[in-house]
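Accompanying notes for the structure given below.
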Amino acid sequence: QNPELRKKFTGKPEYVINFMTFIAQEMREIMAQLGIRTIEELVGRSDLLKSKVFPERTHPAGIDMSTVLYNPYANDKSVKQHFVSEDRFDFRLGDTIDEEVILPAFKDAIEAGTPASIDIEVTNLNRTLGTLTGAEITRKYYNTLDDDTYTVNCKGSGGQSFGAFIPKGLTISLEGDANDYYGKGLSGGILSIQAPGHFKLLADENIIIGNVALFGATSGKAFINGVAGERFCVRNSGATVVVEGVGDHGCEYMTGGMAVILGKVGKNFAAGMSGGIAYVLDEENDLYTKLNKSLVGFSRIKEEEDRQQLKSLIEEHVRRTGSHLGEIILKDFDKYVTRFKKVVPHDYQAMMDTIAKYEKSGMNEEDARVAAFHERTNG
């Protein structure tokens, strides 16, 4: 916590406790008026609700809620208003593809710290694939393994949160498509996805992963040979991602990391983006109409460092996914690089410039960041 910001906070934990105590007291008073003793007895009691009365001839006044609130079993004590299973906390993790297939295949390799790979078929029923395997790797090695130490090659349809939270050392590739929250919380691992070989349509014109991909990612890389849905890279704070197009609200609330977008973006791009960098291929020169300009600005690629970084990431994208679009860009990179726009938050750019100033004066990277932080926060 920044001590200067902490000085401005005058609250105490006791205030929160007091607030919650008042809420509990008010709940008890309302429940007493209703003749209800426990929260358990409130579940399902829609008959205790009343519709708000609105003035006549207004739109809400024409809404009839009677059938929604009607509860024929309100006074029937033999009927349970809700069902609570005895094994409600048994999430059947033993039945997951991680526990049944991946971890047994990697058991000896993880124990010995030697590389290993596996090929598997997946369906969209396999949610959070790779997460339990990643947890086992993290417990033993934290984030000390080399990239691609353990590789899972998948074919099929990835379920929700495919590759969530996977750590450095674990790579998961998918030939197929994936649901929402692809790569959620990515924590150092590498993800890649491409359409099956028989798929003949253009990757940069077809959605291959769902909404909110890479939500809350902190590190690692993802290479997506296709278009992502809405809210791509929301709250990304450190991952590096290449994708061939995104829907609305891309890079929303991003605080770090990097996104390379080799195609179109939807409206409200970079809303609330306070950190990180996005390189967008703006072939139709209309990015400015899609950009939320409240926190960010954009420019063409000017620095050689940006140019080389962009090229390197596209090369890795092609290597890992076989991207046809990536190959086209690399064959005539000098032409295409002029069509990219670099999107950077104003304050983030100012911080980067300040760090660069201190590094030029002879400071190492860590000291330069500390000095820049104090200069920017203390004015």
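Computed per residue of the chain from DSSP H runs no shorter than four, each worth -39500 (n - 2.57), the mean residue ellipticity at 222 nm is -9000 deg cm²/dmol.
Given +1 at the Cβ of Lys and Arg, -1 at the Cβ of Asp and Glu and no other charges, the dipole of the chain around its Cα centre is 1140 debye to the nearest 20.
Among the protein heavy atoms of the chain, carbon and sulfur supply 52% of the accessible surface, probe 1.4 Å, non-protein parts ignored. Quick one: helix 365-378 against the long Cα principal axis of the chain, what's the angle to the nearest 10°, folded into 0 to 90? The helix 365-378 is inclined about 50 degrees to the chain.
Cross-linked pairs Lys200/Lys302; Lys168/Lys311; Lys221/Lys311; Lys221/Lys302: Cα-Cα separations exceed 26 Å for Lys200/Lys302. Using Cα-only point scatterers and the Debye equation, what is log10 of I(q)/I(0) for the chain at each q in 0.06, 0.10 Å⁻¹, rounded to two decimals? Result of the Debye calculation: -0.35, -0.85. Protection proxy ranking of 207-214, 35-42, by the mean of other Cβ atoms within 10 Å over each peptide's residues and highest first, is 207-214, 35-42. Which residue, chosen from Asn153, Val234, Gln33, occupies the Cα position most advanced towards the positive end of the dipole of the chain, where the dipole is computed from +1 (Lys, Arg) and -1 (Asp, Glu) charges on Cβ about the Cα centre? Of Asn153, Val234, Gln33, it is Gln33. In segment 138-214, taking the dipole from charged Cβ atoms about the Cα centre, the farthest positive-side position among Ala164, Ile207, Pro196 is held by Ala164.
Net charge dipole, segment 277-353: roughly 140 debye, given to the nearest 20, about the Cα centre with Cβ charges of +1 for Lys and Arg and -1 for Asp and Glu. When you restrict to C-alpha pairs under 8 Å that are six or more residues apart and normalise by the size of the chain, the relative contact order lands at 7 percent. Counting charges near Glu111 (Lys, Arg +1; Asp, Glu -1) among other residues having Cβ under 15 Å from its Cβ returns a value of +1.
Bridges between two residues of the chain, per DSSP, are antiparallel at a rate of about 20%. About its Cα centre, the dipole of segment 1-89 is roughly 400 debye, where the only charges are +1 on Lys and Arg Cβ and -1 on Asp and Glu Cβ.
For Lys293, a cut-off of 18 angstrom between C-alpha atoms picks up these aspartates and glutamates, skipping any fewer than 8 places away in its own chain: Asp248, Glu252, Asp282, Asp347. A cut-off of 5 Å between modelled amide H atoms, ignoring neighbours fewer than 5 places along the same chain, links Thr171 with Asp148, Tyr150, Thr151, Val152, Ile190. Mind pulling the angle between the C-alpha long axis of helix 304-321 and the longest principal axis of the chain? Nearest 10 degrees, somewhere in 0 to 90. That helix lies at roughly 70 degrees to the long axis. Pairs of alpha-carbon atoms within less than 8 angstrom and 6+ residues apart define the contacts here; what relative contact order does segment 82-184 have, in percent? The value is 26 percent. Give me the 1.4 Å probe accessible area per residue for segment 236-299, excluding ligands and nucleic acids, in Å². Solvent-accessible surface per residue comes out at 32 Å². Computed from the alpha carbon positions, the gyration tensor of segment 204-274 leads to an equivalent ellipsoid with semi-axes of 17, 13, 9 Å, biggest first. For the chain, the longest principal axis of the Cα atoms and the long axis of helix 13-34 meet at an angle of about 40 degrees. Once the 1.4 Å probe is applied to the protein heavy atoms, segment 316-377 comes out at 58 Å² accessible per residue. Couplings for segment 355-360, taken from phi via the Karplus curve 6.51 cos²θ - 1.76 cosθ + 1.60 with θ = phi - 60°, read 4, 4, 4, 6, 5, 5 Hz in order; Gly and Pro are left as x.
Considering only DSSP beta bridges whose two residues both sit in segment 230-347, what percent are antiparallel, to the nearest 5? DSSP beta bridges in segment 230-347 are roughly 45 percent antiparallel. Using only alpha carbon pairs under 8 Å that are at least six residues apart, calculate the relative contact order of segment 205-269 and give it in whole percent. It comes to 29 percent, rounded to a whole number.
For Tyr253, neighbours were defined as the other residues whose beta-carbon sits under 12 Å from its Cβ, and their charges (Lys and Arg +1, Asp and Glu -1) total +1.
Solvent-accessible surface of segment 1-146, averaged per residue with a 1.4 angstrom probe and all protein chains in place: 83 square angstrom.
The values are calculated or read from the model by the stated rules, or taken from the named source; none is laboratory data. All figures in this text were calculated on a predicted structure; none of them were measured in a lab. For neighbour counting, all protein chains shown are included, and Cβ atoms are generated from backbone atoms with ideal geometry for every residue, glycine included. Ligands, DNA and RNA are excluded from the accessible area calculation, which covers all protein heavy atoms including side chains. Shrake-Rupley method; radii C 1.70, N 1.55, O 1.52, S 1.80 Å.
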